[in-house]
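A.B. asks: The following block contains the structure, expressed as structure tokens.
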């Protein structure tokens, strides 16, 4: 699968849930360019759940939702690529996705990866719902094999929720990132607990494969500006994928300032790729640290 530096951008789920459309995706790509976020490195425009029809076509292929994605995914990929950006898509290691509104890829792995590759998709988030009683290992191995055959240039994001310690095995399946936690919610308690759950897997992160404590909530309204600054900094220090989860078309200046902080972004993207870890905890004040490249400080406190 596609390796290299940490891949980051935007994902539709935390703000839009199932309320997505090709217009929203195109306008988000435009907004990433117009706000300067793309120039900072936010290159991936990732479609989450609910993009497909509930039923496959007569050949067994996934079909983009005719009402919300009438132009199809390839046209959307072409639009995004023309702007120098990348397109991500979503599926699930089960019979249906988590919304139960579209099919999963279980037992259709090769067919679906071929489809995604033919559309020009650059990133696959692979979720873990509706498992039909089959093991995580079997279901993710099937997709791993399909990706190695037909999706070598597609970033492989395993969204297994950390249930069976994917930090210890996902890289071997060609995974470029792996969720270490359940879903984040837009509040301080959820955010900090995701960070704590993610922290213990720090030694498994490194170039080509990253721990993923879930997508950013910055700008969605459930936390204070100071809390969102902490959220962004913790994710950066943890070398987590920085996937914006708000509506970048209408974000506040404060939100833009937080996610555009070039010093914090540089910490996330340094070439050492060593995940920051909690190094002290003193009466409610916690500190994180990591090795730093020359001329770069590498600490944060909360």
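The values are calculated or read from the model by the stated rules, or taken from the named source; none is laboratory data. The model shown is predicted, which means the values in this text are computed figures rather than measured ones. Positions of Cβ are backbone-derived with ideal geometry, glycine not excepted, and every protein chain shown enters the neighbour counts.
A.B. asks: Testing residue 111 on (1) assigned to a helix (DSSP H, G or I); (2) closer than 16 Å to residue 55 by Cα; (3) without any contact (Cβ under 8 Å) to a residue 40 or more places away in the chain, one condition comes back false. Which one is that?
C.D. replies: So residue 111 meets the others, but not (3).
A.B. asks: Which one is surrounded by the fewest Cβ atoms within 10 Å (Cβ to Cβ) among residues in segment 190-213 that are assigned to a strand (DSSP E or B) and within 15 Å of the chain's Cα centre (by Cα)?
C.D. replies: Step one: of segment 190-213, the residues assigned to a strand (DSSP E or B) are 206, 209-212.
Among the residues that remain, those that are also within 15 Å of the chain's Cα centre (by Cα) are: 209-212.
Working: 209: 23, 210: 26, 211: 28, 212: 31.
Among them, the one singled out is 209.
A.B. asks: I'd like the full set of residues that are within 14 Å of residue 93 (Cβ to Cβ) and in contact (Cβ under 8 Å) with a residue 60 or more places away in the chain, limited to segment 175-190.
C.D. replies: Pass one, segment 175-190, residues within 14 Å of residue 93 (Cβ to Cβ): 175, 178-179.
The one that is within 14 Å of residue 93 (Cβ to Cβ) and in contact (Cβ under 8 Å) with a residue 60 or more places away in the chain: 175.
A.B. asks: Could you tell me whether residue 287 is over 23 Å from the mean Cα position of the chain (by Cα), modelled with pLDDT under 55 and buried (at least 16 other Cβ atoms within 10 Å of the Cβ)?
C.D. replies: On the way: over 23 Å from the mean Cα position of the chain (by Cα): yes; modelled with pLDDT under 55: yes; buried (at least 16 other Cβ atoms within 10 Å of the Cβ): no.
Spelling it out, it is not the case that residue 287 is over 23 Å from the mean Cα position of the chain (by Cα), modelled with pLDDT under 55 and buried (at least 16 other Cβ atoms within 10 Å of the Cβ).
A.B. asks: Now for a separate question. Suppose we filter segment 104-127 for residues that are surrounded by fewer than 23 Cβ atoms within 10 Å (Cβ to Cβ), touching a strand residue (DSSP E or B) at 6+ places or on another chain (Cβ under 8 Å) and more than 30 Å from residue 36 (Cβ to Cβ); how many remain?
C.D. replies: 1
A.B. asks: Please pick out the residue among 279, 264, 274 that is closer than 24 Å to residue 200 by Cα, modelled with pLDDT of 60 or more and part of a loop (DSSP other than H, G, I, E, B). Break it down into steps so the answer makes sense when it comes.
C.D. replies: On the way: 279 fails: part of a loop (DSSP other than H, G, I, E, B); 264 fails: part of a loop (DSSP other than H, G, I, E, B).
After ruling out the rest, the residue left standing is 274.
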